[in-house]
Structure formats: C-alpha cells, structure tokens
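First up is the structure itself, then whatever we jot down about it.
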Amino acid sequence: MMIFFIIAGWITMARLLQKSIRPMDWLLRNSGTLQTCSNILEKSCNLHTDLRPQQQLVIRVMEKHELEEKTKIITQMVNDEGWNQCWNWVKFLFTTVPNKCYLAEINSKLIGCAASFDTGIDIPTQYIGYIVFKPEYRNKNYYTTLSRYVNNHINKEHNIIGNVINRLIPFYEEKENVKKTSLHLTVYAGTLNHSALNDDEANSNIKVVPISEALMSNVFQYDAAIYTASRSKYLNTWFNCGFTTTYVAIDEEGLVLGYTTLYEVEHSYRISPLYANGLHVAKKLLAKVALTIKDEKVMLYGPHNNLVKLANQHGMKELFQFTRMYSKQDIPIPLEKSVYSISGVVQFI
C-alpha cells in the first residue's frame, strides 16, 4: 500500500504540471515575461478529478516490436505537457535502459503510459517516471486505475525513488516509510552568457576535447564514481547514438576532470549530464557548449546548491524545484563535488 501512495503521488505531481498552455514551452518561448513556477502551479490547482464511469481501459506492457510507433506517441504526450523532449531521446531511453512501459489504451488507442526503470545500481532500485496522458484524458480517474496497476506489478522488495515537486512534500511526509533526501533538484532554462565563460589564467591547463575512443574507458571510470555503479554499456551507446555531442575536460596529464553531453530537443538544447570537478571545470565545459550552439536556449536540471550560482551567472530562469524521495533506502552520491546537471538516464543522477 505504501508503494501505491508513492506512485499515486508522483502521478498527482504529473497532473499538477499538465496544463493546456504547456508551461515549459511557454516559459522557453517567452523568456522576457516568465511566470514563476509557483504561479503556474497555483493555476494548476484548479484542476478537478472527473469520477464518471470510464470507457473500457486496457493496460498492458509495451512490446519490443511496437517500440518505434509507441515512443513517437509518448514523445508527443510528453511535449504536450511542456517538457520539451525529442523522439530520439525517448526511443533511446526505452531501448537502452531496462524498463517496463505500461500502456493505457481505449479501443486499442494509446491514451497514456507510466514506466518503471531499473537504475542499475547495487541497491535494487526502480525509478518511476514518464507518467503522461493525452490532454483529453487528463483529470479523470484513469490515473488512479493506472497507478493501481503499476503498484500491483512492480517488485515490492525494490527501493522505489522519484523526484517530487516541492509543493507536494507535505503530502509525502505524512506517509509512513516515505522519506525525502537532501537532494534538491532545480530546472533552469536560458541562454549561455559567453562573457561569463571567458578563460582565465588559472584554468589554462584544462583542455576540453570531443570524446574519443582513447578517452572512453577513463570517462567510464569517472562516471562510475559519481553514479555509484558502472554503466559503460549504456554510456558507450549514449555517446555514439548519433544525436548527442560529448565533451571531456582533461588536465595536462590526460586525467578526466569532467564531461558533458549535449542534445537538441523541441525548442532548446539539453545539457545532460554536466559532471565536473568544481565550478571552474564546469565553466570550461559550458564554454565549449556555447561555441557549439551559439545563442540557442539550453536547459539544465541538477542539484540546486551546485547549479544556482552557475545559472545566476548566465541569467537563467528557474522553472521548477524537486526533491528526491524514496521508499526504503537513500542512495549516497557525491553530489556536492561533481554534479551540475543530472544524466538523462531516467533523471536518477
């Protein structure tokens, strides 16, 4: 029952973010007159749940042969909610990361989905995400039906984690065995300020180069120390998937000091992840990114304490704040040292 409350709460979070004006899209397109996150969510509270009898809802697990077709629809549903993703990423995620994607259908028509992802760390942990519905099927009790189904089909012995929007924290704190971590995540959007990224003498011994086969194994080791588990197979696919650009920061002896991956989404670019041994290394990596994308908008999603100074230097706007919560066990990660924007892999880290 406790896990059901967790999943139901994350679905409630998704519902609060589902708005006809597509908040993230609106924010990115109207940077001069940005609404605050609180204003957007305040308006979202006017949503009501329709408890009238449902049409016949069928829930099933997505099969491999239909992945390309269904992920295109899922991508559209994600973007209709304002999260600005690209089909390449969604397809990559469901192809590469072990998961179960639960499809909600009416008359064989996909109307929504939810997914559980295996994080691959030593502590058996599942991340619940991609809870989306088509606009015409939101604010109905399809959400409750889907959450109950997922609850009945996930491994109850596993640790369950999710990123919960801050205004819902009091709801979770009332639940037994549901705890929040010290990890506070913030989403920022804006353009990179080239003047804030200018090289200085202190950083002249740091080089930023495109990732290569020669650097690959060193980057795998660097990443594993942060992620707390090796994910070389995933990263090798991620770096070579054809729609990402990855840069590595190294010192004079070739030691990896950080890396970042860039990819294009619907109305901007995502920097995912940005790992660096300090702010000065992060700035060197972003300077290289800035040369690549010029004045295009970017999105960063990372630990608030690490990211806030960097975002403020570039005049980025804060969009949302989240807190990591878990059902059984917190996962210790060296966030304060290295993480400026989390990895795209199920937004775990």
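Mind listing whichever residues of region 296-305 are touching a helix residue (DSSP H, G or I) at 6+ places or on another chain (Cβ under 9 Å) and not in a strand (DSSP E or B)?
N305 - this is the single residue of region 296-305 that is touching a helix residue (DSSP H, G or I) at 6+ places or on another chain (Cβ under 9 Å) and not in a strand (DSSP E or B).
Just for region 263-273: of the residues that are of a type outside the set (D, E, K, R) and more than 14 Å from the chain's Cα centre (by Cα), which one is most open to solvent (accessible area, probe 1.4 Å)? Working first, answer last.
Here is the first cut: in region 263-273, the ones of a type outside the set (D, E, K, R) are 263, 265, 267-269, 271-273.
When the remaining residues are screened for being more than 14 Å from the chain's Cα centre (by Cα), the result is 267-268.
Values: H267: 58, S268: 4 Å².
Filtering first and then ranking leaves H267.
Restricting attention to region 151-160, does a residue exist that is open to solvent by 10 Å² or more (accessible area, probe 1.4 Å), at pLDDT below 80 and closer than 25 Å to I123 by Cα?
So far as region 151-160 goes, yes, one or more of its residues are open to solvent by 10 Å² or more (accessible area, probe 1.4 Å), at pLDDT below 80 and closer than 25 Å to I123 by Cα.
State yes or no: is G302 open to solvent by less than 10 Å² (accessible area, probe 1.4 Å), over 15 Å from P210 (Cα atoms) and of a type outside the set (A, V, I, L, M)?
It is true that G302 is open to solvent by less than 10 Å² (accessible area, probe 1.4 Å), over 15 Å from P210 (Cα atoms) and of a type outside the set (A, V, I, L, M).
Is it the case that L168 is part of a helix (DSSP H, G or I), open to solvent by 10 Å² or more (accessible area, probe 1.4 Å), aliphatic (A, V, I, L, M) and modelled with pLDDT under 85?
yes
Yes or no, residue by residue, for (1) at pLDDT 90 or above; (2) within 27 Å of R324 (Cβ to Cβ):
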site: I74; (1), (2): yes, yes
site: E105; (1), (2): yes, no
site: K109; (1), (2): yes, no
site: I121; (1), (2): no, yes
site: G129; (1), (2): no, yes
site: V132; (1), (2): no, yes
site: K140; (1), (2): no, no
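Would a scan of region 209-218 turn up a residue that is farther than 20 Å from S338 by Cα and part of a strand (DSSP E or B)?
No, region 209-218 has no match at all.
Open to solvent by 20 Å² or more (accessible area, probe 1.4 Å) and under 18 Å from R60 (Cβ atoms): does that describe K91?
Working: open to solvent by 20 Å² or more (accessible area, probe 1.4 Å): yes; under 18 Å from R60 (Cβ atoms): no.
Against the criterion (open to solvent by 20 Å² or more (accessible area, probe 1.4 Å) and under 18 Å from R60 (Cβ atoms)), K91 does not qualify.
Suppose we keep only residues that are of a type in the set (S, T, N, Q) and part of a helix (DSSP H, G or I) within region 306-323. Which one would you say is surrounded by the fewest Cβ atoms within 10 Å (Cβ to Cβ)? Show your work before the answer.
Here is the first cut: in region 306-323, the ones of a type in the set (S, T, N, Q) are 306, 312-313, 321, 323.
Still in the running and part of a helix (DSSP H, G or I): 306, 312-313.
Values: N306: 21, N312: 12, Q313: 16.
Here the answer is N312.
Restricting region 274-295 to residues that are outside any helix (DSSP H, G or I) and at pLDDT 90 or above, which is farthest from the chain's Cα centre (by Cα)?
If we take residues in region 274-295 being outside any helix (DSSP H, G or I) and at pLDDT 90 or above, then N277 is farthest from the chain's Cα centre (by Cα).
Restricting to region 123-141, name every residue that is touching a residue at least 40 places away in the same chain (Cβ under 8 Å) and either open to solvent by less than 10 Å² (accessible area, probe 1.4 Å) or within 17 Å of the chain's Cα centre (by Cα) (or both).
T125, Y127, I128, G129, Y130, I131, V132, F133, listed by residue number.
Can you name the condition, by its number, that W238 falls short on among (1) part of a strand (DSSP E or B); (2) open to solvent by less than 10 Å² (accessible area, probe 1.4 Å)?
W238 satisfies all of (1) part of a strand (DSSP E or B); (2) open to solvent by less than 10 Å² (accessible area, probe 1.4 Å) except (1).
Would you pick out the residues in region 100-120 that are surrounded by fewer than 20 Cβ atoms within 10 Å (Cβ to Cβ) and within 17 Å of the chain's Cα centre (by Cα)?
D118, G120
Inspect all residues belonging to region 197-206 and state whether any of them is at pLDDT 90 or above and either of a type in the set (A, V, I, L, M, F, W, C) or in contact with a Lys or Arg (Cβ under 7 Å, 6 or more places away or on another chain) (or both).
Within region 197-206, one or more residues are at pLDDT 90 or above and either of a type in the set (A, V, I, L, M, F, W, C) or in contact with a Lys or Arg (Cβ under 7 Å, 6 or more places away or on another chain) (or both).
The values are calculated or read from the model by the stated rules, or taken from the named source; none is laboratory data. What you see is a predicted model, and the numbers here were worked out from it, not measured in a lab. Here the Cβ is made from the backbone with ideal geometry for all residues, glycine too, and neighbour counts use every protein chain on show. SASA here: full protein model, heavy atoms, side chains in, ligands and nucleic acids out. Shrake-Rupley method; radii C 1.70, N 1.55, O 1.52, S 1.80 Å.
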